[in-house]
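> What follows is a structure written as structure tokens; I'll ask about it next.
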Amino acid sequence: MADSPAQFRGQARLPRFAAPLRYDLRIRPDLAACNFSGAAAVAVAVSAPTRFLVLNAAELDVDRASIRFQANVTQFEEDEILVIGFDRELPVGEGVLTMDFTGTLNDQMRGFYRSKYVCNGESRNMAVTQFEAADARRCFPCWDDPAFKAKFKLTLEVPSDLVALSNMPVVKETISGPIKTVYYEESPLMSTYLVAIVVGLFDYIESSTSEGTKVRVYTQVGKTNQGKFALDVAVKSLDLYKDYFATPYPLPKLDMIAIPDFAAGAMENYGLVTYRETALLYDELLSSASNKQQVAITVAHELAHQWFGNLVTMEWWTHLWLNEGFASWVSYLAVDSLFPEWNNWTQFLDETTSGLRLDALAESHPIEVEINHASEIDAIFDSISYDKGASVIRMLQSYLGAERFQKALASYIKKYAYSNAKTEDLWAVLEKESGEPVKDLMTTWTKQQGYPVICAKLNGHDLELEQAQFLSDGSSGTGMWIVPITSCCGSYDAQKKFLLKDKTDKIHIKEFTASQSSDGDKNIWIKLNIDQTGFYRVKYDDELAAGLVNAIKAKKLSLMDKIGIVEDSYALSVARKQTLTSLLRLLNAYHDESDYTVLSHVTSVCLSISKISVDATPDLNKDIKQLLINLLQPAAIKLGWDPKDGESHLDVMLRSLLLIALVRLGHNETINEGVRRFHIFLEDRKTSLLPPDTRKAAYLAVMRTVSTSNRSGYDALLKIYREAAEPQEKSRVLGSLSSSPDKDIVLEALNFMFTDEVRNQDSYYILGGISLEGREVAWTWLKTNWDHVLKTWKSSSLISDFINSIVSPFTSEEKAAEVSEFFACRIKPSFQRALNQSLERVRISARWIESIRSEPSLGQAVQGLLQGTA
Ligand code: BES
Ligand code: ZN
């Protein structure tokens, strides 16, 4: 065995006795034949005598004869490794490994792939790379592990008329007939997953940072106009990050480019960031306010990675959250500084909410998760790494203070630049710079899954606190956390902060400094987790809860605290720790709320309640919907359908949010008005009656009225889809098509996904829009087409969307059992977690329904609230 290449199989990581120093890569893509050939010369440092070199390769044909020394080459496809066995031992020192290889430009949106586009009416291919997490090995043989940083020198041989981009600037170009050879500068030390190549026809616009770094946005020919907004955000973000991290942007240039077929939203390749078109391109007339925000956040996120991720890289995928959590958190910092009127930190609570919702499942996982095979990595690009990751960073920053935190981050970046770091390395720097017990505190959040709910009780003059792990299924886990508690009493000036280290603790009311509330004051309110900076929930006893309802009505609370209260209350209701009746009463306190950030959470809770009540209380469903409509309507009426001169970005977002929610709740007037405007729009695509911001609401309204016998609305939407040049417009249509209550129409929309007219990257829009009435037909469709779905989407995280969107809406144990049985013999690691989580959601809903049905006074409370007497 010791002498056999097979000894290297089945390992999570490559052996460390040899490491690459420098890759000299020459790659020649053939865009017509969809394949490529390449040659690699890798300078390798051998640190312990060995007969073997072990590196990664997958779906590549490595020409054995091209390896210069006498060697036996064994390729283990399953392990995606290449073992080169030499006749004689390699001495300690440096050598050069040369290899020639060929591969295909695949259709899977990973590795080296082709994307299709139309230029001047002609259909064309472009060649693109997407290497994160572990797909550089599909383009060239390499040590495909983030810790093996090396320098890269690329040479591309491409058709002379095309633009060829890579991480570094071009140093030289030679043309020989139809082929040009492009030579790029050597890169600094970097990980394989950040190497990038794009070859195709593009135009660009250019600007530069205050340091003189050239920044370009490449777009389809003739569309550079749509790159201006992203270019502006990019230049400003680079300047901001340079100051924030106290380190200059590490490369000589930055290019950003939109790719028509793209599995993720964007990818932070060093110096050549790739985007889905909807995440980069913005058009004053054709994009919505929420498109604009998405572009800003995505650009800011990817550029943050140029420091956090690219310059300092996680040591292994277990620490992925260091990349993604940080980039997400920092992107809010940048966008907040560029667009203060967007109230971005309040919007950040969307991230915290997704993190809290996912992490309340028993099928969640810790932020730091063990990875045993490359195929497991994709599944952890989830809300835990991103949203919980970003949220615990916000929690820590708020505990340490912004200034101390920034200083420590800057020294962490300096210390680990051009190298790799683990989670502990970050804690060590923060601990040293702050003198606080950062490691002990944070380990409870990153190595342990889940989070606590703090139960708060008033007992005489004591506020008693007790922590227990919160789970949506209503059970209590055994986790314990060190919780940074913040609280205030009667006013934001009367605060008390401390670390809750044990299961229980208490605060004497007098400890709230400057408390103005006299004992027995019935207007007293106590809010824990001020501004929701902590990653936990709070359950108040009845007296404290009533105090908070009064405080909401009296407009004493911050936007963030109002969001926290409604989110916690909703989660507690799902977990059966609180009645739906009391949740509805609480929602009633938000009836004259007019802020987008708060209402976006309120509407999301309303829509969940409306859905669950279809199954839980069919007799009450109509009344509950009416109640929720009554709650949202005042704000919607104030805004109307038509934009007003000079109104704020957030009001524009709010209009769209409310109209969509009212359509979904079945509000007839809104649906009729949407349909009316849609017909005008059909006649005149430039009508001011249906700008991009309200279009989705109108599309959804139309789909609510469509049926097999009355399908003109569906056909009209398809026509809009076919005629639309803009991906953002196409996504609005796709997101509506499956939302009809008519099952046959839903089926037709699902089948539309399989046609050439819908890119594989866009399937999730259709999946995300499926109506509640369509869930059975969607499930049958998924079972029938599973083999095709698996074959087409298998190699990307998009496969999880099919399961998530189609399974999660069910609400019965029987259905969970049926789904579970169907997948029993079909399960794969790439979607195992998504399936388990979806099944858990179904079971949680089933139990929630039982509990709702047993609430004795629900019907009465609904009537009372409807009549305004409750
Ligand atoms: N590094 C990711 C891209 C990625 C995701 C690669 C999954 C491989 C698998 C990139 O930085 C990212 O996080 N993109 C986000 C957008 C962002 C605004 C949160 C995405 O793709 O959704
Ligand atoms: Zn990222």
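The values are calculated or read from the model by the stated rules, or taken from the named source; none is laboratory data. For clarity, every value in this text was computed on a predicted model and none was experimentally measured. Counting neighbours? That spans all protein chains shown, and the Cβs are built from the backbone with ideal geometry, glycine included. Ligands, DNA and RNA are stripped out before the accessible areas are found, and what is left, the full protein with its side chains, is counted by its heavy atoms. Shrake-Rupley method; radii C 1.70, N 1.55, O 1.52, S 1.80 Å.
> Being aromatic (Phe, Trp, Tyr) and away from ligand 1 (no atom under 11 Å from the Cβ) is the filter here, so list the residues in region 264-294 that pass it. Step through it out loud before you land on a result.
Of region 264-294, the ones aromatic (Phe, Trp, Tyr) are 270, 275, 282.
Of everything in region 264-294, those that are aromatic (Phe, Trp, Tyr) and away from ligand 1 (no atom under 11 Å from the Cβ) turn out to be Tyr270, Tyr282.
> State all residues of region 566-599 that are assigned to a loop (DSSP other than H, G, I, E, B) and open to solvent by 40 Å² or more (accessible area, probe 1.4 Å); if no residue qualifies, say none.
Of the residues in region 566-599, the ones assigned to a loop (DSSP other than H, G, I, E, B) are 575-579, 589-595.
Arg576, Lys577, Gln578, Thr579, His591, Asp592, Ser594, listed by residue number.
> Out of the residues in region 2-43 that are aliphatic (A, V, I, L, M), closer than 28 Å to Thr318 by Cβ and part of a loop (DSSP other than H, G, I, E, B), which is most open to solvent (accessible area, probe 1.4 Å)?
Looking at the filtered set, the residue picked out is Ala12.
> Still on this model: Scan region 45-61 residue by residue and report those that are crowded, with 21+ Cβ neighbours inside 10 Å and in a strand (DSSP E or B).
We begin by selecting, within region 45-61, every residue crowded, with 21+ Cβ neighbours inside 10 Å; these are 52-58, 60.
Passing the criteria: Phe52, Leu53, Val54, Leu55, Asn56.
> Name the residue that is least open to solvent (accessible area, probe 1.4 Å), counting only residues in region 669-688 that are within 24 Å of Asp595 (Cα to Cα) and out of contact with any Ser or Thr (no Cβ under 9 Å at 6 or more places or on another chain).
Step one: of region 669-688, the residues within 24 Å of Asp595 (Cα to Cα) are 669-671, 673-674.
Imposing the further condition that a residue be out of contact with any Ser or Thr (no Cβ under 9 Å at 6 or more places or on another chain) reduces the set to 669-670, 673.
Details: Glu669: 129, Thr670: 11, Glu673: 44 Å².
Restricting to residues being within 24 Å of Asp595 (Cα to Cα) and out of contact with any Ser or Thr (no Cβ under 9 Å at 6 or more places or on another chain), the top hit is Thr670.
> Scan region 407-424 residue by residue and report those that are in contact (Cβ under 8 Å) with a residue 24 or more places away in the chain, surrounded by fewer than 18 Cβ atoms within 10 Å (Cβ to Cβ) and of a type outside the set (Gly, Ala, Ser).
If the condition is that a residue be in contact (Cβ under 8 Å) with a residue 24 or more places away in the chain, surrounded by fewer than 18 Cβ atoms within 10 Å (Cβ to Cβ) and of a type outside the set (Gly, Ala, Ser), then Lys407, Lys414, Tyr418, Lys422 are the ones that fit.
> Name the pairs whose Cβ atoms lie under 9 Å apart, with the first residue in region 553-578 and within 17 Å of Asp359 (Cα to Cα), the second open to solvent by 30 Å² or more (accessible area, probe 1.4 Å) and among the aliphatic types (A, V, I, L, M), and 6 or more positions between them or separate chains?
Matching pairs, first to second residue: Ser569/Ala545.
> Being modelled with pLDDT under 95 and surrounded by 20 or more Cβ atoms within 10 Å (Cβ to Cβ): is that true of Ile524 here?
Answer is yes for this residue.
> Tell me which of these Asp255 doesn't satisfy, since it passes every other one: (1) more than 10 Å from ligand 1 (Cβ to nearest atom); (2) over 26 Å from Tyr113 (Cβ atoms); (3) at pLDDT 95 or above.
It fails just one condition, (2).
> Also, I was wondering about something else. For region 711-732, what are the residues that are closer than 19 Å to Glu773 by Cα and open to solvent by less than 20 Å² (accessible area, probe 1.4 Å)?
Gly713, Tyr714
> Now, a different point. As an exercise: evaluate Ile367 against (1) open to solvent by 30 Å² or more (accessible area, probe 1.4 Å); (2) within 16 Å of ligand 1 (Cβ to nearest atom); (3) under 30 Å from Arg9 (Cα atoms) and give the number of the one condition it does not meet.
Only one criterion in (1) open to solvent by 30 Å² or more (accessible area, probe 1.4 Å); (2) within 16 Å of ligand 1 (Cβ to nearest atom); (3) under 30 Å from Arg9 (Cα atoms) is unmet by Ile367, namely (1).
> Additional query: Right, Ile563: within 26 Å of Arg655 (Cα to Cα), among the β-branched types (Val, Ile, Thr) and crowded, with 22+ Cβ neighbours inside 10 Å or not?
Numbers: within 26 Å of Arg655 (Cα to Cα): yes; among the β-branched types (Val, Ile, Thr): yes; crowded, with 22+ Cβ neighbours inside 10 Å: yes.
Considered against the rule, which asks whether it is within 26 Å of Arg655 (Cα to Cα), among the β-branched types (Val, Ile, Thr) and crowded, with 22+ Cβ neighbours inside 10 Å, Ile563 comes out as yes.
Residue by residue, here is whether (1) assigned to a helix (DSSP H, G or I); (2) over 18 Å from Thr579 (Cβ atoms); (3) acidic (Asp, Glu) holds:
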site	(1), (2), (3)
Ile609	yes, no, no
Val614	yes, yes, no
Ile624	yes, no, no
Ala635	yes, yes, no
Lys638	yes, yes, no
Lys644	no, yes, no
Val652	yes, yes, no
Leu657	yes, yes, no
Ala661	yes, yes, no
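> Quick test for you: out of Leu500, Leu458, pick the one residue that is in contact with an Asp or Glu (Cβ under 8 Å, 6 or more places away or on another chain), at pLDDT 90 or above and not hydroxyl-bearing (Ser, Thr, Tyr). Full working, then the answer.
On the way: Leu500 fails: in contact with an Asp or Glu (Cβ under 8 Å, 6 or more places away or on another chain).
Answer to the selection: Leu458.
> Go through region 309-328 residue by residue and tally those that are more than 15 Å from the chain's Cα centre (by Cα) and more than 9 Å from ligand 2 (Cβ to nearest atom). Show your work before the answer.
Here is the first cut: in region 309-328, the residues more than 15 Å from the chain's Cα centre (by Cα) are 309-319.
Then drop every residue that is not more than 9 Å from ligand 2 (Cβ to nearest atom), which leaves 310-319.
Of the residues in region 309-328, 10 are more than 15 Å from the chain's Cα centre (by Cα) and more than 9 Å from ligand 2 (Cβ to nearest atom).
> Checking Asn804 against (1) under 23 Å from Glu363 (Cβ atoms); (2) over 19 Å from the mean Cα position of the chain (by Cα); (3) not basic (Lys, Arg), which test does it fail?
(2)
> List pairs: first in region 62-77 and without any contact (Cβ under 8 Å) to a residue 24 or more places away in the chain, second among the acidic types (Asp, Glu) and loosely packed, with under 13 Cβ neighbours inside 10 Å, Cβ under 6 Å, 6+ apart or cross-chain?
What qualifies is Gln70/Asp87.
> Okay, next question. Give Ala264, Ala246, Ala279 a once-over and let me know the one that is more than 22 Å from Lys696 (Cβ to Cβ) and within 16 Å of ligand 2 (Cβ to nearest atom).
Numbers: Ala246 fails: within 16 Å of ligand 2 (Cβ to nearest atom); Ala279 fails: more than 22 Å from Lys696 (Cβ to Cβ).
Just a single option satisfies the conditions, and that option is Ala264.
> Okay, next question. Only residues in region 328-341 that are in contact (Cβ under 8 Å) with a residue 12 or more places away in the chain count as the first member; pair them with residues that are within 14 Å of ligand 2 (Cβ to nearest atom) and open to solvent by 40 Å² or more (accessible area, probe 1.4 Å), Cβ under 9 angstrom, at least 6 apart or cross-chain, and list the lot.
What qualifies is Ser328/Tyr386.
> Moving on. Hey, any hits in region 806-823 for a residue that's acidic (Asp, Glu), touching a residue at least 60 places away in the same chain (Cβ under 8 Å) and open to solvent by 10 Å² or more (accessible area, probe 1.4 Å)? Talk me through it step by step, then tell me what you get.
We begin by selecting, within region 806-823, every residue acidic (Asp, Glu); these are 813-814, 818, 821.
With the extra rule that they be touching a residue at least 60 places away in the same chain (Cβ under 8 Å), the set shrinks to none.
The answer is no, given that none of the residues of region 806-823 is acidic (Asp, Glu), touching a residue at least 60 places away in the same chain (Cβ under 8 Å) and open to solvent by 10 Å² or more (accessible area, probe 1.4 Å).
> Where in region 87-202 are the strands (runs of 3 or more DSSP E), entirely inside, with at least 3 residues that are surrounded by 15 or more Cβ atoms within 10 Å (Cβ to Cβ) and modelled with pLDDT of 95 or more? Outline the logic, then answer.
Values: elements: 93-104, 111-119, 122-130, 151-159, 163-166, 170-176, 179-184, 197-200.
The qualifying strands (runs of 3 or more DSSP E) are 93-104, 111-119, 122-130, 151-159, 163-166, 179-184, 197-200.
> Still on this structure, please answer the following. Could you list all residues from region 372-421 that are closer than 18 Å to Ile799 by Cβ and not in a helix (DSSP H, G or I)?
Selection gives His373, Ile377, Phe381, Asp382.
> Residue by residue through region 315-351, note down the ones that are open to solvent by 10 Å² or more (accessible area, probe 1.4 Å), under 10 Å from Asp387 (Cβ atoms) and more than 11 Å from ligand 1 (Cβ to nearest atom).
If the condition is that a residue be open to solvent by 10 Å² or more (accessible area, probe 1.4 Å), under 10 Å from Asp387 (Cβ atoms) and more than 11 Å from ligand 1 (Cβ to nearest atom), then Asp350 is the only one that fits.
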